[in-house]
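Data first, discussion second: the structure below is written as structure tokens.
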Amino acid sequence: MLGAERLLKVPGTIGGAVYMNAGDTGRERFFGDLVVWVQAIDKTGQAKKLTKEECRFGYRSSRFQSTGEIILKAKLQLKQATKEEIEEAAKDILVRKMHHPAGATVGSTFKNPDYDHAGRLIEQCGLKGKRIGGAKISEKHANFIINEDSATAVDVKALIDLMKSSVKEKFNVDLQEEVRYIGEW
Ligand SMILES: Cc1cc2nc3c(=O)[nH]c(=O)nc-3n(C[C@H](O)[C@H](O)[C@H](O)COP(=O)(O)OP(=O)(O)OC[C@H]3O[C@@H](n4cnc5c(N)ncnc54)[C@H](O)[C@@H]3O)c2cc1C
């Protein structure tokens, strides 16, 4: 079935994909496009069924990032397709993902700003390969941080802060994290 291939090489669960509105590497195709409805439970314990529109999907965003609702179920609408069509769509995504580094990483650190790529801006700041503690900015793609050697969350956050401040200083662009912090930072 066509549609699910956009989650190729995106590790995680359906709940995480809905919450993050995960997608392939571009800004055009999102997991939310496939959603018909989502069943969720709010902080008062009340279950609700939300339409796609009510989920307020955007680029790596959804209503769930502000409501704190827990996603229980989702109904997806995929498209019947031939084996060849599916293979072609999957190949297209895999080729684009070949630019992503392997290794211990949480994926893209920042969302791409309008009309540009976070990785390009970070690279132009000369930060590829920059290391703090056990964490390093990938030499293959500057929007990825690699845990090279028992990196701590503090190492990773220090690199993130450096990437943000360098891009702000050089390009006056405010990078927005795609990764999410747990706890107080
Ligand atoms: C190597 C690598 C490549 C990646 N490539 C991509 C990519 O191409 N595209 C992309 O979009 N992402 C990518 N990611 C990021 C990640 O895989 C996605 O964001 C994925 O959707 C996260 O799913 P998860 O289940 O792991 O969620 P988690 O990372 O565990 O959680 C993400 C957020 O969702 C919330 N959440 C999870 N489940 C629920 C639920 N049931 N109800 C409410 N909230 C919930 C969590 O609280 C958290 O805030 C990549 C990550 C890695 C490591």
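Being open to solvent by less than 70 Å² (accessible area, probe 1.4 Å) and basic (Lys, Arg) is the filter here; which residues of the stretch 161-177 pass it? Listed by number, the list holds a single entry, Lys164.
The set of residues in the stretch 152-185 that are touching a residue at least 40 places away in the same chain (Cβ under 8 Å), assigned to a loop (DSSP other than H, G, I, E, B) and of a type in the set (A, V, I, L, M) comprises Val173, Leu175, Val179.
For the stretch 12-47, a residue qualifies if it is without any contact (Cβ under 8 Å) to a residue 24 or more places away in the chain, open to solvent by 40 Å² or more (accessible area, probe 1.4 Å) and within 13 Å of the ligand (Cβ to nearest atom), and the qualifying residues are Gly12, Thr13, Glu28, Arg29.
Mind checking whether some residue in the stretch 57-72 is over 25 Å from Gln176 (Cβ atoms) and within 15 Å of the ligand (Cβ to nearest atom)? Yes, the stretch 57-72 contains a residue that is over 25 Å from Gln176 (Cβ atoms) and within 15 Å of the ligand (Cβ to nearest atom).
For the stretch 57-75, indicate whether the set of residues that are open to solvent by less than 100 Å² (accessible area, probe 1.4 Å), assigned to a loop (DSSP other than H, G, I, E, B), touching a Cys at 6+ places or on another chain (Cβ under 9 Å) and in contact (Cβ under 8 Å) with a residue 40 or more places away in the chain is non-empty. Yes, because at least one residue in the stretch 57-75 is open to solvent by less than 100 Å² (accessible area, probe 1.4 Å), assigned to a loop (DSSP other than H, G, I, E, B), touching a Cys at 6+ places or on another chain (Cβ under 9 Å) and in contact (Cβ under 8 Å) with a residue 40 or more places away in the chain. Being of a type in the set (Asp, Glu) and assigned to a loop (DSSP other than H, G, I, E, B) is the filter; apply it to the stretch 77-125 and report the residue that is most open to solvent (accessible area, probe 1.4 Å). Residue satisfying both the conditions and the ranking: Asp114. Going through (1) closer than 19 Å to Thr109 by Cα; (2) at pLDDT below 90; (3) more than 8 Å from the ligand (Cβ to nearest atom) one by one, Val95 falls short only on (1).
The values are calculated or read from the model by the stated rules, or taken from the named source; none is laboratory data. Computed from a predicted model, the values in this text were never measured in an experiment. Positions of Cβ are generated from backbone atoms using ideal geometry, with glycine treated the same way; all protein chains shown enter the neighbour counts. SASA here: full protein model, heavy atoms, side chains in, ligands and nucleic acids out. Shrake-Rupley method; radii C 1.70, N 1.55, O 1.52, S 1.80 Å.
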